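The values are calculated or read from the model by the stated rules, or taken from the named source; none is laboratory data. All of these numbers come straight from a predicted model, not from anything done at the bench. No Cβ is skipped: glycine too gets one built from the backbone with ideal geometry, and neighbour counts run over all protein chains shown.
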């Protein structure tokens, strides 16, 4: 870690902040453009004009939109993204209830996906062109091309309905032991992992194959290095950049984009919270969720870039 | 094949290597090497020399297969070994020194780790002992800072040093046989000398048995006891080095020897031709500009010259001297920070975007690698038709006829027009690359190392073509090369660059005439000569390092005849010489002549 590295991280953080600001403006504009009026929607059809006007004033809806944007941004920076329009609960509380669930699902899925994807990617790269490589490749492309909801529904049909091995729901309130939780999450995690493994292992394989065909790998072979040494010591460190980026992209997708799985298994995560918020026009909540997903994405990509730079001595040591 | 003689250390017989469909790229190759002997395999690209050398390790590149024959190292039958047996042999008993050290080192590991790796894989030495041995080898290879160089990463070490470190990497296990695969081909001639010297010292001291693979007879003459000449995967001639040079028996060997010294293709340029291109006080470089307009990383310093219409200016220098940057500046790809470029007296804007279409048309550039300059997804016709449309608005039948004419001009059959570049040979691709420049009907063509990637015989044919086109079309060239003999063969004037400074600017005929700039002397003396013992007769070349003081002569750290107290403090003045050249040097004509004659007298 030298000064150049720290400067780069500082620059990336600043750029990340700028990106977040632009996203905030875009999200705010987009929600402004949503048709309909929140106050009317909240009060229902029997609302009197006076009541609607009162509610609009209370929600600052009578203010110009740039002023509401400033109010909202100020609140966001102070850690208060506002109050839900629907149930009058602070957005922080709503998100705080759901975030642990999402993090739990994401971390369990990632801890299954990453090692498996690396293993598949490395082995297919080592034996590229073999029957094993072709079979794995075909299976992965087959799985990636099937939509998630179909995989999830089939898994429920087979494992929960026919075989009755696993529960069809993914969430049960109250304390439970580790194995009970694992049983609950098995199908959703499996569904998510299948897609993630596909992308990550193909990226790992592609990055490794490029490196395995380089002169220095041939040189290592001619020094008498065995296949495992060649892959783990000579090839993998040089393929780390693209691999960590693939992992970061797949993982950020786990945090925000798992709506289909959350819906099918009725799992109380963030994605479902956000979709519900869109359907009820709960704008503060939608905005806060969007900002959270964006920040998580930027953080993961930053970590991936830093790892890629640290793994390359040319960039690490000037 | 005769039975192996009892004192043969390595013996090969009936070796056959095939590619995909079963076609043999190496066939019926057999030879023996005695312990401590150095055998050279020589031939052009595609002659199978590297393939044979790799077979000594029981290794064939992707798509190739060792289909038959016998390779015996000591008492081991290499081709009969299992995968584990091969891993045991490689790096320990047979070691490999690759062509490009820069590509052969893992960029993510320190050099010491990689040098000692084979000793550690094979369990010969523990880490500390291996590192001690590596430092000893670094010292024997005359590397600067032998104690510390192992701690660096490959990108922190110069090309010549890196190549010497590959020798340490091969020799760490005291192998029975060392394969040197064109280990100096990618280096400058000046660097090559030091690397060759280091290799030969360790090979002699350690009494190493070696196979030296090269396309360069002159280099091989310094290294090998015996030479095998290869063509198309078959042996043409095998003889002791001296005899092969003195009395080549095979016609192909004689052809190779003849291609070594290219004949001049120059004609006297019209004396009073007006200047086509005039360059004055050019300063250019990379990085942000300082307040005075100078670039952060200057590459060219105050370079000026003139190319008379219909003549050829050669630009030579080692890698990194600014040759290609000069072409890029003239083409407008890199705007100059200062200085002017005039074409027929008319100022050319610095940036390519500011030049008129006609100005663009009149100056064309041909890049070194036709492989990357030609779009692999387009046919030759398409590639050539684009400049015709862009500059001349030619379409349809007119363009078609013109493409055929252009192909005819570069001596290619019109039937090639509908092929993609991938279906052409290296020489053919370079001709298409050249035809693309001709399509614009330029007055000046900037040729950036256009023959460097080609075999000697193919390169010579491309040079012939350049000379013919110059005569027929009245073209002028700026001909960039690192190869002195190529430049002498085609150029009327020569400009020698060192770290972006114009060290000497002379008529091509006067270049070899003493007195000359000390750097010209060094460059000329560094070109390998086709005789054994040449390597012993050249002095040290030292590594190219720019001088530390801003005002010193840039060549001072390397100059064998520098004057302390003057050359390291004061920039050298331009000095005209009576042979019709101008040099940057503090020494005057008489004093240069005296020291250079004295140095030639020395053994």
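Once segment A:265-318 is narrowed to residues that are part of a helix (DSSP H, G or I) and within 14 Å of chain B (Cβ to nearest Cβ), the residue that is nearest to residue A:87 (Cα to Cα) is A:307. Evaluate the following for residue A:80: is it more than 21 Å from residue A:253 (Cβ to Cβ) and modelled with pLDDT of 85 or more? Considered against the rule, which asks whether it is more than 21 Å from residue A:253 (Cβ to Cβ) and modelled with pLDDT of 85 or more, residue A:80 comes out as no.
Applying the criterion of being in contact with a helix residue (DSSP H, G or I) (Cβ under 7 Å, 6 or more places away or on another chain) and within 18 Å of residue A:210 (Cβ to Cβ) to the residues of segment A:220-235, the residue that is nearest to the other protein chains (Cβ to nearest Cβ) is A:234.
Of the strands (runs of 3 or more DSSP E) lying entirely inside segment B:199-249, the ones with 2 or more residues being free of Cβ contacts under 8 Å to residues at least 60 places away in the same chain and at negative phi are found at B:234-240. Among the residues making up segment B:493-510, those that are at pLDDT 90 or above and touching a helix residue (DSSP H, G or I) at 6+ places or on another chain (Cβ under 7 Å) are B:493, B:494, B:496, B:497, B:498, B:503, B:504.
Against the condition assigned to a helix (DSSP H, G or I) and within 28 Å of residue B:344 (Cβ to Cβ), how does residue B:478 come out, does it pass? For residue B:478, the condition - assigned to a helix (DSSP H, G or I) and within 28 Å of residue B:344 (Cβ to Cβ) - is not met. Only residues that are more than 14 Å from residue A:283 (Cβ to Cβ), in contact with a helix residue (DSSP H, G or I) (Cβ under 7 Å, 6 or more places away or on another chain) and not in a helix (DSSP H, G or I) were counted in segment A:36-79, giving 2.
Please specify each residue of segment B:41-72 satisfying the condition of being within 14 Å of another protein chain (Cβ to nearest Cβ) and either in contact with a helix residue (DSSP H, G or I) (Cβ under 7 Å, 6 or more places away or on another chain) or under 30 Å from residue B:218 (Cβ atoms) (or both). Result: B:50, B:51, B:53, B:54, B:55, B:56, B:57, B:58, B:59, B:60, B:61, B:64. Just so you know, in segment A:183-215 the residues that are within 14 Å of chain B (Cβ to nearest Cβ) and within 18 Å of residue A:122 (Cβ to Cβ) include one that is surrounded by the most Cβ atoms within 10 Å (Cβ to Cβ), and it is A:208. Restricting B:160, B:148 to residues that are surrounded by 17 or more Cβ atoms within 10 Å (Cβ to Cβ) and away from chain A (no Cβ under 14 Å) narrows the list to B:160. Determine whether residue A:134 is part of a loop (DSSP other than H, G, I, E, B), assigned by TED's automatic domain parsing to the domain that holds residue A:247 and at negative phi. No; evaluated as a whole, the condition is false for this residue. Scanning segment B:519-575 for residues that are touching a residue at least 24 places away in the same chain (Cβ under 8 Å), under 18 Å from residue B:502 (Cβ atoms) and out of contact with any strand residue (DSSP E or B) (no Cβ under 6 Å at 6 or more places or on another chain) yields a total of 9. With the structure loaded, tell me whether residue B:14 is assigned to a strand (DSSP E or B), more than 14 Å from every other protein chain (Cβ to nearest Cβ) and crowded, with 19+ Cβ neighbours inside 10 Å or whether it fails that test. Judged against the criteria, residue B:14 is not a match. The residue that is nearest to residue B:185 (Cα to Cα), among those in segment B:85-98 that are facing another protein chain (nearest Cβ under 7 Å) and part of a loop (DSSP other than H, G, I, E, B), is B:98.
Residue selection: residue B:109 satisfies the criterion of being assigned by TED's automatic domain parsing to the domain that holds residue B:235 and modelled with pLDDT under 95.
Considering B:78, B:26, which residue is within 14 Å of chain A (Cβ to nearest Cβ), crowded, with 19+ Cβ neighbours inside 10 Å and either free of Cβ contacts under 8 Å to residues at least 24 places away in the same chain or within 30 Å of residue B:530 (Cβ to Cβ) (or both)?
Matching residue, one of B:78, B:26: B:78.
Going by the conditions given, is residue B:166 in contact (Cβ under 8 Å) with a residue 24 or more places away in the chain, within 14 Å of residue B:199 (Cα to Cα) and part of a helix (DSSP H, G or I)? Against the criterion (in contact (Cβ under 8 Å) with a residue 24 or more places away in the chain, within 14 Å of residue B:199 (Cα to Cα) and part of a helix (DSSP H, G or I)), residue B:166 qualifies. Just one of the numbered conditions (1) in contact (Cβ under 8 Å) with a residue 12 or more places away in the chain; (2) within 14 Å of another protein chain (Cβ to nearest Cβ) is not true of residue A:250: (2). Taken across segment A:178-201, residues that are assigned by TED's automatic domain parsing to the domain that holds residue A:112, free of Cβ contacts under 8 Å to residues at least 40 places away in the same chain and part of a loop (DSSP other than H, G, I, E, B) do not occur at all.
Does segment A:213-230 contain any residue that is under 29 Å from the mean Cα position of the chain (by Cα) and part of a helix (DSSP H, G or I)? No; the residues of segment A:213-230 include none that is under 29 Å from the mean Cα position of the chain (by Cα) and part of a helix (DSSP H, G or I). Go through (1) touching a residue at least 24 places away in the same chain (Cβ under 8 Å); (2) closer than 30 Å to residue B:96 by Cα; (3) surrounded by 17 or more Cβ atoms within 10 Å (Cβ to Cβ) one by one and return the number of the condition residue A:227 breaks. Failed condition: (3).
For segment B:178-193, the condition of being over 18 Å from the mean Cα position of the chain (by Cα) and more than 22 Å from residue B:544 (Cβ to Cβ) holds for at least one residue.
Of all residues in segment B:99-112, those satisfying the criterion of being part of a helix (DSSP H, G or I), more than 7 Å from chain A (Cβ to nearest Cβ) and either within 26 Å of the chain's Cα centre (by Cα) or free of Cβ contacts under 8 Å to residues at least 12 places away in the same chain (or both) are B:101, B:102, B:111.
The set of residues in segment B:278-294 being within 18 Å of residue B:478 (Cα to Cα) and outside any strand (DSSP E or B) is empty. Could you list, in sequence order, the residues of segment B:130-142 that are more than 15 Å from residue B:113 (Cα to Cα) and either in contact with a strand residue (DSSP E or B) (Cβ under 7 Å, 6 or more places away or on another chain) or touching a residue at least 40 places away in the same chain (Cβ under 8 Å) (or both)? Correct list: B:140, B:141, B:142. Suppose we keep only residues that are in contact with a helix residue (DSSP H, G or I) (Cβ under 9 Å, 6 or more places away or on another chain), assigned to a loop (DSSP other than H, G, I, E, B) and more than 7 Å from every other protein chain (Cβ to nearest Cβ) within segment B:113-130. Which one would you say is surrounded by the most Cβ atoms within 10 Å (Cβ to Cβ)? Ranking the candidates gives B:116 first.
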